[in-house]
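Notes follow once the structure below has been shown.
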Amino acid sequence: MLFKTPSLAIVVPCYNEKDAFPYCLDGLTTVLSTLISKGKIRDNSYVLFVDDGSKDNTWEQIKSASRKSTFVQGLKLSRNRGHQIALMAGLSNANTDVTVSIDADLQDDISCIEKMIDKYSEGFEIVYGVRDNRDSDSAFKRTTANKFYSLMNRLGVNQVPNHADFRLLGRTALTALNKFKEQNVYLRGLIPLLGYKSTNVYYSRDERVAGESKYPLKKMVALALEGITSLTITPLRMIAMVGIVTCLISSIAAIYAVIEKLQGDTVAGWTSVMIAIFFLGGVQMLSLGIIGEYIGKIYMESKNRPKFFIEEKIGSKNEIQ
Ligand code: UDP
Ligand code: MG
């Protein structure tokens, strides 16, 4: 098959990125023009900035950049919907042969975009950007991330370790991804489910160019929970296992108590009763919590609400290729 030079959209979710935006714009437009001049992508390629309901002047910056350069397009969501949904909004709006998603803070190495395009031209439909070190992250973020990956693996969710949302998707993979209608989006777990030929490119992750992390601990925990409960029901099975084990232990304890009683060896027993109550109470609360989390998910999914609303769309290359 004759390889056709692809058009590329670089999708960048932005939430309060007024400080990082100028660097990001500069870096990504340079990458685009270099790739176009090398003939690796078509000249109708563009950067699509998705403003995820920023409260600062990010959208104004995107608009003014779009007026100045035909390489820049923008999408403004009606309110903050979070990184994953902002990404989905951008990906489902891109009309190019390939997309590369990347964060606005340039922590991911933009020179890898060329390597990703090269891999695509070799026939890979999905190319994951994988960090070969996390030195720039805090020790806390590193440890929690590692624990999270191994937990997810044990729970049966396949994901590429040390890969965040820096990746290339070809049109075939994109079309497949757009068919996933779920509300709870965790792209890192969804993409491997698509199948297709995939490979990795490696890079070292830098510090943010400017601004602060938009992922405070609360959002990290929410993303982790989303990842687990939207992709696996293993925790529900684990509850059943814990239930079985608890029942076994309780029956052994009950038999022991009866024997002690029959031998007339009765003790006051207050401690053991209290421990049993607390233990069982704890297990039940935990189980209810996990079940509740899944029921909540079913409830939200069953509403089938639209994931996002686009308030404004700018850019000159909106025609379908
Ligand atoms: N982001 C977003 N919506 C949010 C939070 C973050 O679109 O609600 C964007 C943010 O602007 C950035 C990317 O998601 O481009 C990753 O966020 P950040 O760099 O703050 O995360 P970290 O690298 O600290 O995990
Ligand atoms: Mg970042």
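The values are calculated or read from the model by the stated rules, or taken from the named source; none is laboratory data. Source: prediction; values computed, not measured. Heads up, the Cβs are rebuilt from the backbone with ideal geometry, glycines too, and the neighbour counts pull from every protein chain shown. Keep in mind that these areas ignore ligands, DNA and RNA; they rest on the heavy atoms of the full protein, side chains included. Shrake-Rupley method; radii C 1.70, N 1.55, O 1.52, S 1.80 Å.
For the chain, the relative contact order works out to 23 percent when only alpha carbon pairs closer than 8 Å and six or more residues apart are counted. Sorting 180-188, 52-60, 154-162 by their mean Cβ neighbour count within 10 Å, with the most densely packed peptide first, gives 52-60, 180-188, 154-162. A Gaussian network model of the chain, with springs between Cα atoms under 10 Å, assigns the largest mean-square fluctuation among Ile310, Ile36, Ile259 to Ile259.
Are there any helices in the chain, counted as whole DSSP H runs, that stretch 20 Å or more along their axis by Cα and score at least 0.0 on average by Kyte-Doolittle, and if so which? Span-like helices in the chain: 21-37, 217-231, 234-262, 270-303.
What the chain shows is 52 Å² of accessible area per residue, with the surface traced by a 1.4 Å probe over protein heavy atoms.
Over all alpha-carbon pairs in the chain, figure out the percentage whose distance exceeds 28 Å. Pairs farther apart than 28 Å: 48 percent. Highest mean first, the peptides 62-70, 210-218 sorted by other C-beta atoms within 10 Å per residue fall in the order 62-70, 210-218. What net charge is computed for the residues neighbouring Ile36, neighbours being all others with C-beta under 11 Å from the C-beta of Ile36, Lys and Arg scored +1, Asp and Glu -1? Counting the neighbours of Ile36, the net charge comes to +2. A protection proxy built from the mean count of other Cβ atoms within 10 Å ranks the segments 3-14, 233-244, most packed first, as 3-14, 233-244. Helical runs assigned H by DSSP (4 residues or longer) give the chain a calculated mean residue ellipticity at 222 nm of -16500 deg cm²/dmol, each run adding -39500 (n - 2.57) before division by the residue total. The portion of the accessible surface of the chain made up by carbon and sulfur, rounded to a whole percent, is 62 (1.4 Å probe; DNA, RNA and ligands excluded). Taking each of Lys38/Lys141; Lys179/Lys303; Lys55/Lys119; Lys63/Lys218; Lys55/Lys218 in turn, the alpha-carbon distance tops 28 angstrom for Lys38/Lys141; Lys55/Lys119; Lys63/Lys218. Across the alpha-carbon set of the range 234-303, the Rg to Rh ratio works out to 1.20, Rh being the Kirkwood radius. Annotation: amide H of Glu312 within the under-5 Å range of Lys76, sequence separation 5 or more or interchain, hydrogens built in the peptide plane.
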